Number of protein chains: 2
Amino acid sequence: MPNQPATDHNGLNEEEFLANYNAGSYERPSVAVDMLIFTVMEQEQNNYRKLAEKSLQLLLIQRGEHPFLGEWALPGGFVGIGESVEEAARRELYSETNIDNIYMEQLYTWGDVHRDPRMRVISCSYMALVDRKALSVQAGDDAAAAAWFEVSYLILDTSREVLEQGIRQETLVEITLQSDEEKLSGVVKLTETIQGHVRQMNREIVRSSGFSFDHLLMVQYAIERLRGKVEYTDIVFNLMPPLFTLSELQRVYEIILGKDLLAAAFRRKIAERVIETEESTRDAGHRPSKLYRYNVEWNLS
Amino acid sequence: MPNQPATDHNGLNEEEFLANYNAGSYERPSVAVDMLIFTVMEQEQNNYRKLAEKSLQLLLIQRGEHPFLGEWALPGGFVGIGESVEEAARRELYSETNIDNIYMEQLYTWGDVHRDPRMRVISCSYMALVDRKALSVQAGDDAAAAAWFEVSYLILDTSREVLEQGIRQETLVEITLQSDEEKLSGVVKLTETIQGHVRQMNREIVRSSGFSFDHLLMVQYAIERLRGKVEYTDIVFNLMPPLFTLSELQRVYEIILGKDLLAAAFRRKIAERVIETEESTRDAGHRPSKLYRYNVEWNLS
DNA sequence: GGAATAGTGTCTGTGAGACAGTATCAA
DNA sequence: TTGATACTGTCTCACAGACACTATTCC
């Protein structure tokens with residue numbers, strides 16, 4: 001712990017060093033953010049008695065210029081030299097949704113050399129979860145076309161191979177994004193290798209139609225993470241309106257996890273995480289249900 | 001899905017666009033990687049009957065130039081324009097440890113504007129876990145001084161404050177890194193805010209002595225992640241040698257989690273994750289124990 | 001009354017916490 | 001024999017899965 005200002009091999013102290021610092025002219029990558037904005041939406045029902053079906057939706061924009069002109073991509077943009085990466089992400093998020101105060105989480109930084117055909121771009125992906133009802137503006141007010149796509153995530157196949165010193169497992173995941181007008185789909189191969197003790201994961205696009213760049217990988221990664229976090233955090237509540245029924249909440253869990261849950265067990269499990277209100281639904285064609293709100297106090301880590 | 005090459009507003013198709021693409025001359029950030037290399041080490045015991053104490057260790061290097069000349073920092077370096085971010089991380093990892101085939105995982109990308117006093121640097125942090133016995137070379141063969149630091153992670157205090165529309169919880173975490181000769185320590189404030197449904201996390205350095213840049217935050221984040229992943233993955237086995245006793249394994253869990261575990265419950269829990277071998281320890285001054293190895297087949301996700 | 005959802009009661013199996021007790025080695 | 005660690009047996013409690021059952025609304 002130097003109390004005297006330390007000097008380097010040129011005899012400069014830190015202040016002098018920084019004043020004379022020359023950043024050099026080597027080539028630098030561009031840095032971008034890409035946003036995975038999810039929400040849950042209801043489809044109308046023709047049977048007045050039935051509950052509306054819900055689905056997980058992802059916001060995409062249609063590219064107005066090369067490369068991938070006319071194809072769909074995650075909203076995103078470059079990180080300015082004077083803004084932090086998180087600020088850039090919030091800026092993009094706001095420009096797409098027109099609302100502030102949205103749950104947002106950094107996911108993964110994608111750094112392959114040739115992931116953008118124009119130049120070297122490293123992209124940091126963020127996931128955001130929005131309550132559909134809080135979005136007053138429909139996607140599409142932007143200059144570029146934007147649309148919500150229904151997400152489907154299907155595991156096609158898993159296979160194993162025994163290696164000399166370990167094992168390799170490959171999983172094929174099919175991702176389909178469906179909007180009112182378009183359907184994108186692609187298959188990602190996840191390779192998990194264990195050699196000795198060392199575990200490695202790899203993601204690779206097997207086929208892809210309609211996705212730009214490596215965005216299919218980002219989508220797969222995000223869904224995987226969303227599923228994981230749903231099981232051990234309160235992340236779902238970011239997709240819910242302030243008041244909701246337990247059935248609605250259960251549907252959201254089911255949509256994200258891709259499997260049905262038993263009502264009794266589900267209600268027990270989330271009982272502490274919610275607070276019952278005096279209000280309830282009405283005019284439903286069946287028994288009304290109590291409305292609940294999120295219990296903020298629960299399990300603050 | 002354009003079968004005809006789509007043309008943009010300049011009448012160019014994608015091929016022509018890319019051939020003429022000019023990346024522009026706006027200022028770009030530099031991108032770096034920082035490595036959090038953890039291992040578990042044994043301290044010698046003077047009582048021949050007692051087991052060696054273990055501790056979690058982190059590898060740091062002493063900076064040979066400004067800024068933070070003479071202070072300790074995470075090993076790392078810039079991402080070259082021709083290598084992927086992951087390749088840069090592997091390169092740094094190899095140059096510090098001289099071994100290949102190490103468990104490595106991307107953690108978080110740190111993008112604050114002023115995190116480096118020299119210039120704008122965005123840094124992607126990676127965590128690596130190494131079996132101490134696989135490291136033939138001691139840290140320090142490098143030109144720069146390198147040393148292992150014993151990690152201690154202590155929650156000093158948590159406090160809560162009720163807001164109009166939510167709650168704020170602050171946690172103070174003290175991190176101490178102790179090598180044979182030096183001791184670094186610092187306090188990080190974690191702020192978790194819930195406003196309405198929206199949860200946000202923030203990390204901030206409260207005080208720091210001996211750490212460079214925002215590396216204290218990176219260390220805190222990494223330990224938090226390590227603790228989390230230990231509970232629901234097989235990540236610990238990356239810290240173990242090929243053969244180990246269940247007591248050793250339990251110690252490693254205990255060190256990382258910072259709490260004691262009951263042997264009976266522990267053994268039940270990991271029973272399926274390991275395979276008993278014929279070998280056992282000897283000359284221990286007490287009952288020998290069976291050696292186990294990792295069960296590669298267990299729970300391939 | 002019927003169709004639908006809302007919500008409860010309870011059996012059962014699993015698995016973790018707790019802790020006492022037994023086993024086995026080397027000096 | 002002793003001091004240390006290695007390992008097992010078993011009680012209890014909490015909780016999730018399963019499923020049958022009751023409750024309540026609107027047409």
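Quick note: the coordinates plus some simple rules give every number you see, no bench work behind them. Predicted, not measured: the structure shown is a model, and the values here were computed from it. Positions of Cβ are backbone-derived with ideal geometry, glycine not excepted, and every protein chain shown enters the neighbour counts.
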Check: In nm, to one decimal, how far is the residue B:202 label point from the residue B:91 one, both placed 7 Å along Cα→Cβ?
Finding: 3.7
Notebook entry, point to check: Along the stretch A:55-60, what does the Karplus equation 6.51 cos²θ - 1.76 cosθ + 1.60 (θ = phi - 60°) give for ³J(HN,Hα), rounded to whole Hz, x for Gly and Pro?
Noted result: 8, 7, 10, 10, 8, 10
Checklist line | Positive-pole candidate from B:284, B:187, B:201, dipole of the stretch B:176-301, charges at beta carbon | finding: B:201
Checklist line | For residues of A:61-67, the mean tally of beta carbons on other chains within 10 Å | finding: 4
Note to self: If the elastic network links every pair of Cα atoms under 10 Å, which of A:291, A:93, A:12 fluctuates the most in the Gaussian network model of chain A?
What the structure shows: A:12
Item checked: DSSP beta bridge pairing in chain A, given as percent antiparallel to the nearest 5 -> 85
Notebook entry, point to check: Where the label is 7 Å out from Cα toward Cβ, how close does residue A:282 come to the same position in every other copy, in nm, shortest first?
Noted result: 8.4
Check: In whole percent, what relative contact order does the stretch A:128-250 give with Cα contacts below 8 Å and a gap of six or more residues?
Finding: 20
Next item on the list: Excluding residues fewer than 8 places away in the same chain, name every one of the lysines whose C-alpha is closer than 18 Å to that of residue B:50.
Entry: B:290
Next item on the list: With springs only between Cα atoms under 10 Å apart, run a GNM on chain A and tell me which of A:198, A:274, A:33 wobbles the most.
Entry: A:198
Next item on the list: Per residue of the stretch B:114-129, in order, report the coupling 6.51 cos²θ - 1.76 cosθ + 1.60 (Karplus, θ = phi - 60°) as ³J(HN,Hα) in whole Hz, putting x for Gly and Pro.
Entry: 10, 6, 10, x, 6, 6, 6, 10, 9, 10, 9, 9, 10, 10, 10, 10
Margin query: Taking R0 as 35 Å, what FRET efficiency do you get between residue B:22 and residue A:21 from their Cβ-Cβ distance, rounded to the nearest 0.05?
Written below: 0.75
Check: Around residue A:108, which amide H atoms from residues at least 5 apart in sequence, or from another chain, sit under 5 Å from its own amide H, with H modelled in the peptide plane?
Finding: A:125
Notebook entry, point to check: For the pair residue B:176 and residue B:44, how long in nm is the line joining their label points, each one 7 Å along Cα→Cβ?
Noted result: 2.3
Check: Over chain A, what relative contact order in percent results from Cα pairs under 8 Å that are six or more residues apart?
Finding: 15
Notebook entry, point to check: Can you give the extra length, in nm with one decimal, that the chain gains between residue A:193 and residue A:154 once fully stretched, where that is 0.36 nm per residue apart less the Cα-Cα distance?
Noted result: 11.9 nm
Check: For residue A:261 and residue B:290, what is the calculated FRET efficiency with R₀ set at 51 Å and r taken between the beta-carbons, to the nearest 0.05?
Finding: 0.80
Check: Relative to the other copies, what are the label-point distances for residue B:164, with labels 7 Å from Cα along the C-beta vector, expressed in nm at one decimal and sorted shortest first?
Finding: 6.7
Check: Compactness ratio of the stretch B:240-300: Cα Rg over 2.2 N^0.38 Å, N = residue count?
Finding: 1.14
Notebook entry, point to check: Along the charge dipole of the stretch A:240-300, Cβ charges K/R +1 and D/E -1, which of A:275, A:261, A:242 sits furthest on the positive end?
Noted result: A:261
Notebook entry, point to check: Measuring from label point to label point, each 7 Å out along Cα→Cβ, what is the residue A:167 to residue A:9 span in nm?
Noted result: 5.0
Check: Tell me, what is a quarter of the convex hull surface for the C-alpha atoms of the stretch A:30-232, in nm² with one decimal?
Finding: 14.2
Item checked: Cα-based reach from residue B:183 at 19 Å (exclusive), listing lysines while leaving out same-chain residues under 8 positions away -> B:54
Note to self: I need the inter-copy label distances for residue A:65: point set 7 Å along Cα to C-beta, values in nm with one decimal, smallest first.
What the structure shows: 3.7
Checklist line | For the stretch A:144-213, the Rg and Dmax computed from alpha carbons only, in angstrom | finding: 15.8, 52
Next item on the list: Give the value in nm², to one decimal: projected area of the alpha carbon convex hull of the protein assembly as shown, averaged over all directions.
Entry: 32.4
Next item on the list: Please pull out the direction-averaged projected area of the stretch B:1-100, using the convex hull of its alpha-carbon atoms, in nm² to one decimal place.
Entry: 13.5
Next item on the list: Please list the non-local residues whose amide H lies under 5 Å from the amide H of residue A:37, H modeled 1.01 Å from N, same-chain partners needing a gap of 5 or more.
Entry: A:59, A:128
Checklist line | 3J(HN,Hα) from dihedral phi, the stretch A:100-110, Karplus parametrisation 6.51/-1.76/1.60, rounded to Hz, x for glycine, proline | finding: 9, 6, 10, 5, 8, 8, 6, 9, 7, 10, 9
Checklist line | Point-charge dipole on Cβ atoms (K/R +1, D/E -1) for the protein assembly as shown, about Cα centre, debye to 20 | finding: 2160
Notebook entry, point to check: Among B:127, B:201, B:104, whose mean-square fluctuation peaks in a Gaussian network model of chain B (Cα, cutoff 10 Å)?
Noted result: B:201
Next item on the list: Report, in debye and to the nearest 20, how large the dipole of the stretch B:240-300 comes out about its Cα centre when Lys and Arg carry +1 and Asp and Glu carry -1 on their Cβ.
Entry: 200
